[in-house]
2 protein chains.
Amino acid sequence: MQNKYIEIYKRIADQIQDGLYAPGTKLPSEHELMNQFDTSRETIRKALNLLAQNGFIQKIQGKGSVVLDAQKFDFPVSGLVSFRELAEKMGQRFRTHVEDLAYEKPAEEIRAKLQIPAGGHIWRVLRVREIDGERIILDKDYLNSTYVDHLTKEICEDSIYQYIEGDLGLTISFAKKEIVVEEPTEEDRRLLELNGHMNIVVVRNFVYLDDATLFQYTESRHRPDKFRFVDFARRSHGK
Amino acid sequence: MQNKYIEIYKRIADQIQDGLYAPGTKLPSEHELMNQFDTSRETIRKALNLLAQNGFIQKIQGKGSVVLDAQKFDFPVSGLVSFRELAEKMGQRFRTHVEDLAYEKPAEEIRAKLQIPAGGHIWRVLRVREIDGERIILDKDYLNSTYVDHLTKEICEDSIYQYIEGDLGLTISFAKKEIVVEEPTEEDRRLLELNGHMNIVVVRNFVYLDDATLFQYTESRHRPDKFRFVDFARRSHGK
DNA sequence: AAGTGGTCTAGACCACCTC
DNA sequence: AGGTGGTCTAGACCACTTC
């Protein structure tokens with residue numbers, strides 16, 4: 001399949017989610033897992049570190065790896081999850097309306113954000129997300145056209161990410177996210193059902209590829225009463 | 001000092017922040033760093049992985065480790081940073097008002113959240129954060145008294161985290177965070193200067209210790225116009 | 001072909017917890 | 001003392017980039 005340690009990580013993660021290892025109990029020791037998966041200790045440790053990073057276990061020196069009760073209904077709204085994955089995971093009925101799709105010279109503000117050279121072009125996508133029949137989220141995407149030369153309404157209605165990673169073979173590796181609360185614009189009022197809300201939650205995302213090039217800037221504008229952000233944060237070593 | 005790989009991580013992180021390695025340029029190769037720090041490759045790689053996790057570099061196979069331009073003014077509001085660290089980093093004038101401090105039997109809702117046995121006690125702390133002269137944030141802390149038997153107004157005015165980690169020797173290891181937008185309560189209106197805002201950003205934090213015990217539940221209630229959350233998310237391997 | 005990072009191994013020693 | 005996880009080493013082989 002893939003790398004050994006990722007296989008082991010997935011195996012154990014599945015076992016935890018299937019309840020084979022109950023929250024509060026301990027995983028087998030690293031030595032036992034070595035035998036069980038017929039591999040070296042460092043490889044087991046890489047898999048366990050992944051499990052710890054993703055909130056499945058907590059390693060305690062001298063004792064063992066305790067299974068946490070995370071992942072229950074704490075679907076990771078965090079990180080780089082796309083709307084489509086999210087909506088599917090939450091089992092809600094959702095629809096995507098592509099309001100606008102254009103290949104164009106970017107506005108100065110966007111050009112600067114995406115670090116596009118003068119004269120360069122971008123894809124601009126405007127989509128409204130409907131959840132359970134209500135127009136809740138306005139997604140404004142700006143994509144560096146160096147990497148995406150072709151984009152259609154159909155792709156935008158499905159999942160841009162799937163197209164980028166699946167069909168184009170690009171790899172998204174990290175993102176910088178900012179969450180603030182603002183007053184709705186005229187556009188927000190026109191395209192969303194705000195129901196009188198005087199605020200809107202704006203999630204700004206800078207998405208980078210494998211090779212550290214800035215690839216996409218996204219503004220996701222949420223009706224405040226339907227917004228929820230969940231995060232699992234492990235303490236990192238000091239500055 | 002400490003562990004070798006953490007020392008190396010800090011050294012390189014400092015060098016990046018001091019501009020010794022400019023954004024867009026590459027770090028020396030792992031082999032060179034091995035010689036430079038007189039250590040093994042795996043140890044160098046641990047340090048580099050820390051740098052990548054924290055947004056300092058991006059490793060590219062076959063090419064090298066590219067220095068990112070993060071950390072500029074992207075103070076990590078993310079993760080487990082305390083208000084005090086934050087306020088100091090942002091260089092803003094801030095004050096903390098301790099509105100209430102009590103050792104008591106928890107309300108049922110809090111008891112359930114903190115998983116306190118019937119009859120157990122907690123510390124409840126109510127604090128208002130003032131930034132540049134305005135009362136912006138209402139912090140409601142609930143601490144498991146098993147770990148903190150003593151708490152004073154002075155400690156709460158300074159930094160509870162510093163007391164817990166510095167004086168008590170406990171180690172905070174991870175937290176589950178939730179961000180939602182709600183309508184202000186009567187208490188919010190009384191204690192904060194809401195200036196007519198009809199929404200309030202609520203950050204709920206479950207804080208865990210080293211040994212995976214749930215230690216603290218915190219509600220941080222922010223005036224929406226002054227709220228900003230920044231996050232750096234690296235893509236993790238699939239579910 | 002040479003240089004880079006990615007994975008995997010086998011073994012050593014240490015720090016911490018439990019008995 | 002024995003078991004556990006934490007760190008570190010030296011070396012091997014692979015995948016990718018660059019020339």
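The values are calculated or read from the model by the stated rules, or taken from the named source; none is laboratory data. Everything numeric here is computed off the predicted structure, so don't read it as measured data. No Cβ is skipped: glycine too gets one built from the backbone with ideal geometry, and neighbour counts run over all protein chains shown. The protein model used for the area step is the full one, side chains on, heavy atoms only, and it has no ligands, DNA or RNA in it. Shrake-Rupley method; radii C 1.70, N 1.55, O 1.52, S 1.80 Å.
Numerical summary
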{"quantity": "Answer from A:Thr171, A:Thr213 - the residue that is within 13 Å of chain B (Cβ to nearest Cβ), more than 23 Å from B:Arg228 (Cα to Cα), open to solvent by less than 50 Å² (accessible area, probe 1.4 Å) and of a type in the set (Ser, Thr, Tyr)", "calculated": "A:Thr213"}
{"quantity": "Count of residues meeting criterion [in contact with a Ser or Thr (Cβ under 9 Å, 6 or more places away or on another chain), at the interface with chain A (Cβ under 10 Å from one of its Cβ atoms) and either part of a helix (DSSP H, G or I) or among the aliphatic types (A, V, I, L, M) (or both)] in segment B:176-206", "calculated": "3"}
{"quantity": "Residue identified as within 15 Å of the chain's Cα centre (by Cα) and more than 16 Å from A:Val125 (Cβ to Cβ) among A:Leu214, A:Leu194, A:Leu209, A:Leu170", "calculated": "A:Leu209"}
{"quantity": "Filter pass, B:Ile122 being among the aliphatic types (A, V, I, L, M), surrounded by 14 or more Cβ atoms within 10 Å (Cβ to Cβ), in contact with a Ser or Thr (Cβ under 7 Å, 6 or more places away or on another chain) and more than 19 Å from B:Arg228 (Cα to Cα)", "calculated": "yes"}
{"quantity": "Pairs where the first residue, in segment A:216-236, is away from chain B (no Cβ under 13 Å) and the second is part of a strand (DSSP E or B) and among the aromatic types (Phe, Trp, Tyr), C-beta under 7 Å, 6+ apart", "calculated": "A:Gln216/A:Tyr142; A:Tyr217/A:Tyr142; A:Tyr217/A:Phe206"}
{"quantity": "Subset of segment B:15-36 (residues that are of a type outside the set (Lys, Arg) and in contact (Cβ under 8 Å) with a residue 12 or more places away in the chain)", "calculated": "B:Ile16, B:Gln17, B:Tyr21, B:Ala22, B:Pro23, B:Gly24, B:Thr25, B:Leu27, B:Ser29, B:Glu30, B:Leu33"}
{"quantity": "Residues that are near DNA strand D (Cβ under 9 Å from one of its atoms) and within 12 Å of another protein chain (Cβ to nearest Cβ), drawn from segment B:41-63", "calculated": "B:Glu42, B:Arg45, B:Lys46, B:Ala47, B:Ile60, B:Gln61, B:Gly62, B:Lys63"}
{"quantity": "Helices (runs of 4 or more DSSP H) enclosed by segment B:39-155 - at least 2 residues per element that are more than 16 Å from DNA strand C (Cβ to nearest atom) and modelled with pLDDT of 85 or more", "calculated": "B:108-114"}
